[in-house]
Amino acid sequence: MLFAFLGQFLVLSAKVKVEKNINYTSADDQYRQLDVFYQKDIAQAKDVIVFIHGGSWSSGKKDTYWWLGRNLARKGIVTVNINYGLAPENKFVRMAQDCALAVKWVKNHIHEFGGNPGRIFLMGHSAGGHLAELINDDPEYFKQAAISNPVKGVILNDAFGLDMKEYMSKAEKDNSYYDFLRTFSSNVETLEKGSPLHYIANSRNPHLIFYGSKTYPAIQLQSERLNKLLEVANVPSALHVIPGKKHVGMISQMIFGSNRLYDFILDFLKHTE
């Protein structure tokens, strides 16, 4: 069965190309690089997803998610997996700046890979979801990158840290808490600055939100709050609770191209004008 799966995967992946380790700044720095997954036929411009990985803001890398890039590209979506600077050397502000610069590169260059620069969607898991929502909602980051917000829509997969001010004021002071301090500090104003929910009034683009029924309570509560705030503001938003899934399982399930989250994503792109 394993060999059959691998054989099918290789056949389906045959039409997908990848360009790896492209610098999205002037520096040759592995933390400021991206990979582009796209189909060989680039005659017709396709929707684009920029994926921001998770890892508690202190770990993770784009290379881990090559299967996500290939699965989405096979479904006709040009996909860009990005790296960004990590803690403790970098704070959340620098991480968000990196992500905005990566999106700027995509806006300027994705047509070379058959992507439509007018159809850029952000997707993030865990801390990556936080960064996706932060640069979408706080205008500071695209302003610093010298572009207007080019994001057509946002896809959040079990996003963590949508309100870091709330989380850090109530969280148990365990190893994760002290790890997060390296990214955000304990300063209340800094925590608020790093909380996307405090900028949600700026969000006018459609959202697709997932969380697992067995994920962390903070993710469940804040994802629900985000969805409600968007609905009240008449911003299109769809929320799906995935039964039986914990935090890591919410992204690892997408290793399989038949996973239903892909159906939700394709439908979201189709209906976002």
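Computed from the coordinates by the stated procedures, all read-outs in this text should not be read as laboratory data. This one's a predicted model, so the numbers in the text were calculated from it and none came from an experiment. Positions of Cβ are generated from backbone atoms using ideal geometry, with glycine treated the same way; all protein chains shown enter the neighbour counts.
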Using the 10 angstrom Cβ neighbour count as an exposure proxy, how do Leu221, Leu226 rank, fewest first?
Leu221, Leu226
Using 1/(1 + (r/R0)^6) with R0 = 30 angstrom and r between the beta carbons of Ser186 and Ser213, what's the FRET efficiency to the nearest 0.05?
0.45
Note down the net charge around Phe210, summing +1 for each Lys or Arg and -1 for each Asp or Glu among other residues with Cβ under 14 Å from its Cβ.
-1
Inter-centroid distance (Cα atoms) of the range 66-126 relative to the range 199-217, Å
18 Å
Between 0 and 90°, nearest 10: helix 2-13 axis offset from the chain longest Cα axis
80 degrees
Within 10 Å of each candidate Cβ there may be at most 10 other Cβ atoms; applying that plus a DSSP loop requirement, which GluC sites (Glu not before Pro) in the range 154-259 survive?
Glu172
Take the cross-link list Lys173/Lys246; Lys193/Lys228; Lys143/Lys193; Lys61/Lys193 and give me the ones stretching past 19 Å between alpha-carbons.
Lys173/Lys246; Lys193/Lys228; Lys61/Lys193
Quick one: angle between helix 92-109 and the longest Cα principal axis of the chain, in degrees between 0 and 90, rounded to 10, please.
30 degrees
From the Cα gyration tensor of the range 149-273, with a ≥ b ≥ c the square roots of its eigenvalues, which class applies: rounded if a/c is under 1.5, or else prolate if a/b is larger than b/c, or else oblate?
oblate
Angstrom value of the Kirkwood radius, inverse mean 1/r, which spans all Cα pairs in the range 32-152:
14.1 Å
What net charge is computed for the residues neighbouring Gly244, neighbours being all others with C-beta under 14 Å from the C-beta of Gly244, Lys and Arg scored +1, Asp and Glu -1?
+3
